[in-house]
Amino acid sequence: MRPPRGTAGQLAGLLRVRGQTVDELAATLGLTGNAVRLHLARLERDGLVHRVGLRPGVSRPAVVYALTPECELLYSRAYVPVLTQLLHVLATKLGRARFDMILREVGRELMASRPRPAGTLQRRAEQGSALLNELGGLSHVARERGRLVIRGDSCPLAAATRDHPEACNAVESLLTEFVGAPARSCCERENGMRCCFTIGPARASRGSRASR
């Protein structure tokens, strides 16, 4: 998701400074109150604006609107350079083996409190694809040479994987935990970054392995 644009973007820009009422926003932008309410309703629906309190008005208290933390994140440009540099420092200080282990642990921990999908492997792979799309990917599930593959047209971690392809290992672990079947990276790094993960059969339980 991108920061809002147009009039909605102007409203969001004002709300970045401080919480404001409909009348305050309307006066600043030269709009009617109804026009401002319409844009605020859409921003609320998208989870970008919320109501944070009341302010005394002429006849009754006026609602104060502010940006949600999720919307504030859309304006930050610090995350990519800071996290990319963090990966570089960790890879240098820890060594590749330790670095790889930590990234895989990150992927597993991201799924620690998330409900796992049920159903067939195909269905779970589709839910895994949807999860990647929530994180900024653009993926779909295909069957190639008898295997299920989550194939993407972009990479949600492109800024990191460009210099540190090991970052894909975090996504491998994330998908493995979420889908309940081994995920293996087959990502493309030439002519653009594109996600690709094969999804294998479900992992055997401890009991079934012990009985072999």
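If you take the residues in the range 16-44 that are exposed (fewer than 12 other Cβ atoms within 10 Å of the Cβ) and modelled with pLDDT under 95, which one is nearest to LEU74 (Cα to Cα)?
So the residue we want is VAL17.
Being in a loop (DSSP other than H, G, I, E, B) and either at pLDDT 95 or above or in contact with a Leu (Cβ under 7 Å, 6 or more places away or on another chain) (or both) is the filter here; which residues of the range 1-15 pass it?
MET1, ARG2, PRO3, PRO4
State all residues of the range 81-98 that are surrounded by 12 or more Cβ atoms within 10 Å (Cβ to Cβ) and within 21 Å of PRO156 (Cα to Cα); if no residue qualifies, say none.
LEU83, THR84, LEU87, HIS88, LEU90, ALA91
Based on this model, can you work out whether THR92 counts as among the hydroxyl-bearing types (Ser, Thr, Tyr) and free of Cβ contacts under 8 Å to residues at least 24 places away in the same chain?
The answer is yes for THR92.
Counting just the residues of the range 18-44 that are hydroxyl-bearing (Ser, Thr, Tyr) and not in a helix (DSSP H, G or I), which one comes out nearest to the chain's Cα centre (by Cα)?
Out of the qualifying residues, it is THR21.
So LEU110 clears everything in (1) over 14 Å from ALA183 (Cα atoms); (2) surrounded by fewer than 15 Cβ atoms within 10 Å (Cβ to Cβ) except one condition, right? Which one?
With (1) over 14 Å from ALA183 (Cα atoms); (2) surrounded by fewer than 15 Cβ atoms within 10 Å (Cβ to Cβ) applied to LEU110, the lone miss is (2).
Quick check, is GLY47 assigned by TED's automatic domain parsing to the domain that holds GLY13, over 25 Å from the mean Cα position of the chain (by Cα) and either surrounded by 12 or more Cβ atoms within 10 Å (Cβ to Cβ) or not polar (S, T, N, Q) (or both)?
No.
The values are calculated or read from the model by the stated rules, or taken from the named source; none is laboratory data. Computed from a predicted structure; not experimentally measured. All Cβ positions, glycine included, derive from the backbone under ideal geometry; neighbour counts span all protein chains shown.
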